[in-house]
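The values are calculated or read from the model by the stated rules, or taken from the named source; none is laboratory data. Predicted model, so just to flag it, every value in this text is computed and none were measured. FYI the Cβ positions are ideal-geometry reconstructions off the backbone, even for glycines, and counts take in every protein chain you see. Please note that ligands, DNA and RNA were not included when accessible areas were found on the heavy atoms of the full protein model with its side chains. Shrake-Rupley method; radii C 1.70, N 1.55, O 1.52, S 1.80 Å.
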Amino acid sequence: MESIPTTSYKNRFPFSLTVPSWLYPAGYEENVARVAPFVDGVELLFFEGRPESLPVPETFRALAELRERHGLSYNIHMPIDENLASADGGERARSLDAHKRLFELVAPFEPVTHTIHLEQPKGTDPAAWTLWACQSLEALAGVMDPSRVTVETLDYDLLPLADTLESLEYRVCLDLGHLIHFGLPVEETIRRLGPLCRMVHLHGVAGGKDHRALSLMDPALFQRLLPFLSTYTHTLSMEIFKAAPCFDSIDFLAEHL
């Protein structure tokens, strides 16, 4: 039997604590049902946007019932199987269609945020990439409220896009584990993008891998995150995809906040 928490973390932190919808080797409904009594919300992972990859209507109804029964919030991780900022216009269009389709499907959940990826392949011309990203962001803003969309920090510096995100009224998902794992400017990114941040992804980095338990991190690196986390009041996902290290990490965080 996979780990199940014995302590409720509801309303424990200054932020809304969520966990991913993939902690146990089961479907959305079972994962959400198992964690619902212990957390403020769940990050519903929809990594693939093709219609045949999405849950059946019965699953969406079950998720709505669980949300109502347990007073959960949902935040949505939007599809990443095709790139919104691709050099290929056809791929950008398909990705936009997938985002629009999922946005409509999850609307009844009243999600707190919808987190998107703007992938930047190695060797991409920065000026061209910025143009493609901005075109997709402008198109997406026509069907989704950009203030409910968070652009995630990935393996490149998002700071050059900060003014654009601000002018289009998008918000940011600060993936703190990514900032550390990929050697990005942690404090500078938090300072510039922190005011736009409505979602945090937190996970440990150790042994050249991310999405690991927080306790495995270099303590000095973890300490660098605490000034921001101690004053953060929006939504945080403990983005670790196995139950035991995820809940151990929540306990670890609680000991420091």
Hey, can you find the accessible area per residue of the range 51-146 for me, probe 1.4 Å, expressed in square angstrom?
-> 47
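So in the range 116-257, what percent of DSSP beta bridges are antiparallel if you round to the nearest 5? Mind showing how you got there, number by number?
Values: 2 of 14 bridges.
Counting only bridges with both partners in the range 116-257, antiparallel ones make up about 15 percent.
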Cα shape, the chain, gyration tensor, a/c 1.5 rule = oblate
Evaluated at 4 °C with a viscosity of 1.567 mPa s, what Stokes-Einstein diffusion coefficient in µm²/s does the range 41-144 have when Rh comes from the Kirkwood expression over alpha-carbon pairs?
-> 89
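Counting only protein heavy atoms and using a 1.4 Å probe, what share of the accessible area of the chain belongs to carbon plus sulfur, as a whole percent? Display every interim value, and only then the final one.
Details: 5820 of 11080 Å².
Using a 1.4 Å probe with all protein chains present, the chain comes out at 52 percent carbon and sulfur.
In the range 34-133, which chymotrypsin sites (Phe, Trp or Tyr not before Pro) fall in coil by DSSP and have 14 or fewer other Cβ atoms within 10 Å? Write out the running numbers ahead of the final one.
Details: sites: Phe38, Phe46, Phe47, Phe60, Tyr74, Phe103, Phe109, Trp129, Trp132; in loops: Phe38, Phe46, Phe47.
Passing sites in the range 34-133 are Phe47.
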Where a label projected 7 Å from the Cα of Arg101 along Cα→Cβ would reach, residues of the range 32-73 with amide N under 11 Å = 48-55
Have a look at the range 135-189 and give its Rg and Dmax from the Cα atoms, expressed in angstrom.
-> 11.9, 34
For Lys242, counting only lysines whose alpha-carbon sits under 23 Å away and dropping same-chain residues fewer than eight positions off, the answer is Lys10, Lys209
Check Asp175: other-chain or 5+ apart residues with amide H under 5 Å from its amide H, H built from backbone geometry?
-> Thr153, His201
Probe 1.4 Å, all chains present, heavy atoms only: Val112 accessible area in Å², nearest 10, is 60
Please calculate how many Å² of accessible area the range 1-40 carries per residue, with a 1.4 Å probe and no DNA, RNA or ligand atoms counted.
-> 47
Karplus (6.51, -1.76, 1.60) ³J(HN,Hα), θ = phi - 60°, over the range 183-199, in Hz, Gly and Pro reported as x = x, 8, x, 4, 5, 5, 5, 4, 5, 7, 9, x, x, 8, 6, 10, 9
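Can you tell me which of 159-166, 177-184, 227-234 comes out highest on packing, and rank the rest after it, using the mean Cβ neighbours within 10 Å? Don't skip to the answer; put the middle values down first.
Working: 159-166: 16.1, 177-184: 19.0, 227-234: 14.1.
Those peptides, ordered most packed to least, come out 177-184, 159-166, 227-234.
Of the DSSP beta bridges with both residues in the chain, give the percent that are antiparallel, rounding to the nearest 5. Present the calculation step by step, with values, prior to reporting the outcome.
Working: 2 of 29 bridges.
Percentage antiparallel, nearest 5: 5.
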